[in-house]
Every structure is written in structure tokens, then in C-alpha cells.
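The values are calculated or read from the model by the stated rules, or taken from the named source; none is laboratory data. Here the structure is a predicted model, which means the values were calculated and not measured. Glycine gets a Cβ as well: all are built from the backbone with ideal geometry, and neighbour counts include every protein chain shown. SASA here: full protein model, heavy atoms, side chains in, ligands and nucleic acids out. Shrake-Rupley method; radii C 1.70, N 1.55, O 1.52, S 1.80 Å.
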Amino acid sequence: MFAAENGLKGDPRLEAISAAIRVVPNFPKKGIMFQDITTLLLDRKAFKHTIDIFVDRYKDMQISVVAGVEARGFLFGPSIALAIGAKFVPLRKPGKLPGKVISESYELEYGHDRLEMHVGAVEPRERVIIIDDLVATGGTLSAAMSLLESQGAEVVECACVIGLPEVKGQHKLKGKPLYVLVEPSGLDEFC
Amino acid sequence: MITIRAIINTANPFSLLLGHTQTQTQAHARVSECEMFAVENGLQGDPRLKAISDAIRVIPHFPKTGIMFQDITTLLLDPVAFKHVVDIFVDRYKHMNISLVAGVEARGFIFGPPIALAIGAKFIPLRKPGKLPGKVISEEYELEYGRDRLEMSVEAVKADERALVIDDLVATGGTLSASISLLERAGAEVVECACVVGLPKFKGQCKLKGKPLYVLVEPSQFDDLTL
């Protein structure tokens, strides 16, 4: 499900995107090599490449909803939605969305968290893509899928900028395709 | 009354103060306060503003009793109205040499990046404590009860950059003030703060910490029929 194996082999934009992502070791805790996409947002060209690649992929797939996972999914989702003429639906931490919501819990390394979505944001049979910056265990994306499917929407694909090795070779998440632009960046000693 | 203000170059809100020729004393007083709502700042009668306002849903008593919450998620479900918001901000800022758009977590993350992409600027997220990795600076601001903090990556900003701060709504101005402080501490020049919705207390007060404040619409009213 990596873009390089899915029609974009050798595309220099992927290298630019990867090079723009900063690795911060031991954040938020020891042992985690944090993939920091804020440096990608500082690189206007690389950020535009990211959006362009997703837009090119989804613009002819009759997608009517882009659902973005709080908070870093909000950084990518709306631009894609605007370009393909789709609605943007934020999937949020508990208590943030006003009005009637549905929620789905998912596992963290220690404990649980929950994701919420507005009732009525999506209609049955709408075609949806879900976007987040990174997929690690797939727990958040799975919860997102459950929320959308519970409202009768069809999740066409999950899309992330970065995919951790745990999901390599695993094209599907809960039976749905997973599309990822790049693997995690390595730590550059000179950073 | 149609005023000359409506057709003066709207790229700079202060241009309104320079070319004005109204004669009514009441109008003179209003101009000196420098209205910051889009409808008084070159977009009078622009149908896009009504579409934007109509798309915003009001939820009474959220997050607590007495607050009429301005819910912009319904605006995001209206691709035409959402595009209007971005287009209006892009038209305003594309020739102002803005190199940096700073968006306040989390709803500022929804509006900021599309604007940044369209005007060729960097996007910087201003986040709740502990979310940004690497070296950060933080600024406290007051909530109704208690305080909160906003953080920014210091490495993201160069001295003398021209910055725009964006959020969905301005209420007390506390969050935007903290944002301005963060950017100025890093050496940037905040050109303007921009919000989709502005609460009435800002009407007639077009500056926040000395910086212009540009708002598209006033709060929508609660309609018994919408829920």
C-alpha cells in the first residue's frame, strides 16, 4: 500500500516529502522515534506535493467525504476535500463536538481512548476516505472506520502520509485498502 | 448609504482610513474605529458572506449553559461555502507578502493550511502543551476559569517573517493574543489575525494587541428549526 509500489515508483516528490519529515528521538517517551510532520508543513513544495498526490489519487473516485482524525488529520484533510469537492468531517477526541455524536473506543498502548463523529455528518452510501498523518498500529483508523460504517457510509480507503513498518505488506486494514506515501524517515545524525 | 470605503483597495485595512470621504459625523467616528468585519471592509453585499453565515450552526448551551456555540463543522460539510471562506482569505492575503500562516489548535488547523498552500506560505501549528516535539516556546493565557498554554516550535520561525494568525472564532481574544506573543517573541511580524466568526464585543474594535483583526461574519443566531 505504499505509494512507491502503487504507481509512483521513482516519483521525486516522494523523496522530497520523506526528506522534509523530521525525526525526533525519544518523544513523547523513550524509545519512540517520533515522525514530525510539522517540518513538512514548513516546506511549501513538499506539503503541496503531499496534497497533490492524494488529490490525483482520489479526484476521480467519486469521494464525497474526507474524514480527518484530530488533530494532525486536520492539517491534510481539508485541503484534499476542497480540491476534490468533498465534505470534510472531523473525527474528534471526546467532548469537543457539540450536538449529537457517536463514539468509538480504541486501544492505546496503555489504556483506551475514544473518537467521536457528528450524527448526520455522513449519509448512508456516501464514499469516504479517512486521513491521518501516520498509521502505526491502525487502532485509530479502525475506530474511524467503525464510526463511518455505523452510519452506513462506505470507506473507500484510508490514507496516511507515513506508515510504520508494522503495516508493511499489509494492504488492508479491517478489509479496507490503506494507502501510504512514505515509510518513516531515519534518524539523521546531523539533525 | 454606499460609501467610498467599499471600493477602496482592500488589501490593507488601513487604506480605509486614508481615502475616506464621508461627511456624516457619525460615519467619521466609525471609520476612526476601523471596522474589522469583512462586510464593512470591501465585501459589502458579497453573497459569499451570507452563504458562510448560513452554513454555521448554533448549538445552545455548549460546552456549558448560556453559551451559544458557533459550530463551524456544518460549514465544512458545505464544500461551496468552505471554499468561499478560503477564497476570501486567500484574495486578501496573497499580495501581502505573508510567509507564514500560524493556526491555533485544533480548528485553526482546518482553515490555515489551505490558505497557506494557496498563498505559498509555511504553516505553523500553535498547539496545546506537550504536543510539539523539539524546542518550543510557550505562552500562557487566561480562560474563564483558570489558565491554559499555547506552544510553538522556535525553529519554525525566522526573524522578520510576515505572519498571519488564523482561528475559527475570536471571543475574548486571549488565544489570539497569546499567539501574537509567541510569534513576536520569535522575531516575526504579525501582519493580521483572521477568524471566520467574531463575537460582537469586538465590533468597532479592530485591533488586538495593536494588530489588525479581520473577521468574516458575526455569530449566527439560534434558529429553533435547525435542530
*Could you check residue B:8 against (1) at pLDDT below 50; (2) open to solvent by 80 Å² or more (accessible area, probe 1.4 Å); (3) of a type in the set (Val, Ile, Thr) and say which number it fails?*
(2)
*Positions within the stretch B:143-155 being in contact with a helix residue (DSSP H, G or I) (Cβ under 7 Å, 6 or more places away or on another chain) and either open to solvent by less than 10 Å² (accessible area, probe 1.4 Å) or away from chain A (no Cβ under 11 Å) (or both), in sequence order*: B:150, B:152
*Are any of the residues in the stretch B:88-103 crowded, with 21+ Cβ neighbours inside 10 Å and under 25 Å from residue A:64 (Cα atoms)?*
yes
*Name every residue in the stretch A:95-121 that is away from every other protein chain (no Cβ under 12 Å) and not small (Gly, Ala, Ser), in order of residue number.*
A:102, A:104, A:106, A:107, A:108, A:109, A:110, A:112, A:113, A:114, A:115
*Subset of the stretch B:185-227 that is aromatic (Phe, Trp, Tyr) and either assigned to a loop (DSSP other than H, G, I, E, B) or modelled with pLDDT of 85 or more (or both) - its residue that is nearest to the chain's Cα centre (by Cα)*: B:214
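Conditions (1) charged (D, E, K, R); (2) more than 20 Å from residue A:38 (Cβ to Cβ), marked per residue:
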| site | (1), (2) |
| --- | --- |
| A:51 | no, no |
| A:60 | yes, yes |
| A:68 | no, no |
| A:77 | no, no |
| A:89 | no, yes |
| A:105 | no, yes |
| A:118 | no, yes |
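I'm trying to understand the selection: among the residues of the stretch B:36-55, which are of a type in the set (Asp, Glu) and within 14 Å of residue B:84 (Cα to Cα)?
B:46, B:54
The rows are residues; the columns are (1) free of Cβ contacts under 8 Å to residues at least 12 places away in the same chain; (2) of a type in the set (Ser, Thr, Tyr); (3) crowded, with 17+ Cβ neighbours inside 10 Å.
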{"residue": "B:111", "(1), (2), (3)": "no, no, yes"}
{"residue": "B:126", "(1), (2), (3)": "no, no, yes"}
{"residue": "B:129", "(1), (2), (3)": "no, no, no"}
{"residue": "B:135", "(1), (2), (3)": "no, no, no"}
{"residue": "B:141", "(1), (2), (3)": "no, yes, yes"}
{"residue": "B:161", "(1), (2), (3)": "no, no, yes"}
{"residue": "B:164", "(1), (2), (3)": "no, no, yes"}
{"residue": "B:167", "(1), (2), (3)": "no, no, yes"}
{"residue": "B:174", "(1), (2), (3)": "no, no, yes"}
*Consider residue A:98 against the criteria (1) open to solvent by 20 Å² or more (accessible area, probe 1.4 Å); (2) assigned to a loop (DSSP other than H, G, I, E, B); (3) not charged (D, E, K, R): it satisfies all of them except one. Which criterion is unmet?*
(1)
*Could you tell me whether residue B:101 is within 12 Å of the chain's Cα centre (by Cα), outside any helix (DSSP H, G or I), at the interface with another protein chain (Cβ under 10 Å from one of its Cβ atoms) and within 20 Å of residue B:190 (Cα to Cα)?*
yes
*asked:* Take the conditions open to solvent by 10 Å² or more (accessible area, probe 1.4 Å), within 28 Å of residue A:38 (Cβ to Cβ) and part of a loop (DSSP other than H, G, I, E, B) and apply them to residue A:109. Does it pass?
replied: yes
_Checklist (1) surrounded by fewer than 20 Cβ atoms within 10 Å (Cβ to Cβ); (2) under 25 Å from residue A:52 (Cβ atoms) applied to residue A:181, failing item_ = (1)
*Give me the pairs: first residue in the stretch B:180-200 and among the β-branched types (Val, Ile, Thr) and open to solvent by 10 Å² or more (accessible area, probe 1.4 Å), second residue modelled with pLDDT of 95 or more and in a strand (DSSP E or B), beta-carbon distance under 8 Å, and six or more apart or on different chains, which are they?*
B:191/B:162; B:191/B:163; B:191/B:164
